[in-house]
Structure formats: structure tokens, C-alpha cells
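The values are calculated or read from the model by the stated rules, or taken from the named source; none is laboratory data. Everything quoted here is computed from the prediction, not taken from an experiment. Virtual Cβ from ideal backbone geometry, glycine too; neighbours counted across all protein chains shown. With ligands, DNA and RNA removed, areas are computed over all heavy atoms of the protein, side chains included. Shrake-Rupley method; radii C 1.70, N 1.55, O 1.52, S 1.80 Å.
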Amino acid sequence: MPTFTGAEWLLLAAAAFAVGAAKGGMPALGPIPAAIFASVLPAKASTGAVLGLLLVGDLIAVRMYHAHADWAILRRLLPSVLVGILAGVVVLWAANDEVVRRIIGATLLALVGLSVVLMFRRRAAAAAGTEPGPLPRGLSLVFGPLGGFTTMIANAAGPVMSLYFVASRLPVPAVLGTAAWFFLIVNTMKLPFSIGLGLITPQSLLLNLLLVPALVLGALGGRMAAKRVSQAWFERVVLALTFASGLYLVVA
């Protein structure tokens, strides 16, 4: 087990809590754990450590929202996601820690931009007294590889796929259920690649085990907070934190 300072343990526990909260109903927190882990651990090792926690969170999310998945969308997306995962595997195999760290940071910054586009899309539709129109079905060929690459490199595909699910005009329960099954399947697909690249090790699994209590608390808290917190302001705060984290990983 690597030696961490007290402050680093607090950061890792906060990241695990954020994983649980994101899976429990506050998906805007999704990119935060990747940034925290990449700032505490070597960048490549951080992707494997986060993946172990995500799989635990995915099981909790599926238990909470399993009945609401849209399987037609999942069948349409998953084949193209594998293309993005394989591209991410190549990058992780070829790049060193510094390059991967900056790729994670750049990915987070790109996701902030994507989230801002989604916010303005919703605002423009609200001003016009309408709802955002559905995305063309063929865009799964874009979002699938993008989501696969983003999740393999940074474990942070939540904003990408949330944009796709919401813009597909799914109701909120269906967004949560579809996302829960999507990420459980995709993160399971990533598992053999991460093991083969040496990103998941006995040490990372022990770290995951120590952080699971914080994750479970986050899942319970996220489910309760999702019903009480102002989502608009919460998303803005998370976007600001994600932007700062991504910028730090790029320039540090």
C-alpha cells in the first residue's frame, strides 16, 4: 500500500464519496474523482484505482435504478463504445504518466465545454417555451466512441453520455437507469484491458476496499441530496471545480 499523508487520504475519501454521490443521483460530480486521483497517484495508476471504485458504484446504481433502462439505446451505443475503449487502451499503453495526466486534464476541460453547451441548449429551449429537440439516432456513432475513449482515459464519460441520454428525450428515471446499466457494462468491458496494462493491481484493490465505506455514504447522500439541492447552482459549482481541476492537471 502506498504511503499517503493525512491530507491525501482525505482527498481520496472525498473522491470515493463523489463516486458514490454521482452514482446515487448527482452525475455532475462524475469528473471530480478522476481529477483528485490523478493529483494524488501517478496518472496511469489513478485510472485503475478509480475504475475499481466505479464498478462498486455501478452495482449500487443498478440496484437503485435497474428497472428504468432504455435497452434500445444501449444496444445502439455499446458496439461503437468499444472502438473508443480500444483507442484509449492504445494511448494508455504508449503514453507516459505526464502525458496521461495532461490528457486527463484536457479531457476534463473538454467536458466542461460540452456541459456548458448543454446548459445553453436547455436555456435557449426554455426561453423559446419549448424543450430541446432529440438528437439524431446516427449521433450514437459519435457519442459512442467519444464516451468509450473518455471513460478509458479518464473514467469521466458521465457528461458525454448524460448529454446523449438527456438529448434523446429520456425521462429522468430512464436517464438514471440507462446510465447505470451503461456504465456497469462499459466499466466491466474495460476491466481486462486495465488488468492487462497493469493499472489494476492488488494494491489498487486494497485501496478500493478501504475507500468503499466513503463511496457507500456518498451513494446514500447523493440519492437524498438529488431531491433537495438546486441542480442549476450545483452544476455550476461542479463545473467550476472541474475546470479548475482540469487546468491544474494540464499546467502543473
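Please identify, among A128, A15, A179, the residue showing maximal mean-square fluctuation in a Gaussian network model of the chain using a 10 angstrom Cα cutoff. Among A128, A15, A179, the largest mean-square fluctuation in the Gaussian network model of the chain belongs to A128.
Of the DSSP H helices in the chain, those that are both long (alpha-carbon extent of 18 Å or more along the helix axis) and hydrophobic (Kyte-Doolittle mean at least -0.5) are 6-24, 43-65, 71-94, 97-127, 140-154, 172-196, 202-225, 231-251. With a simple spin-label model that places each label point 7 Å from the Cα along the Cα-to-Cβ direction, the separation between R228 and V212 comes to 2.7 nm. Surface analysis of the chain yields an accessible area of 45 Å² per residue, using protein heavy atoms and a 1.4 Å probe.
Among L206, L78, L220, the residue with the largest mean-square fluctuation in a Gaussian network model of the chain, with springs joining Cα atoms closer than 10 Å, is L206. Computed on the chain, the Cα convex hull volume stands at 115 Å³ per residue. Under 1.5 on a/c is rounded, so check that first for the range 57-190, then, if it is not, pick prolate when a/b is larger than b/c and oblate when it is not; a ≥ b ≥ c are the square roots of the alpha carbon gyration tensor eigenvalues. Judged from the Cα gyration tensor, the range 57-190 comes out oblate (a/c at least 1.5, b/c at or above a/b). The GNM of the chain, with springs linking C-alpha atoms under 10 angstrom apart, assigns the highest mean-square fluctuation among A72, A87, A180 to A72.
Here K190 is the anchor, and the lysines within straight C-alpha reach of less than 22 Å, apart from those fewer than 8 places off in the same chain, are K23, K44. Summarising the amide proton neighbourhood of D70: residues at separation of 5 or more, or on other chains, whose placed amide H is nearer than 5 Å comprise T178.
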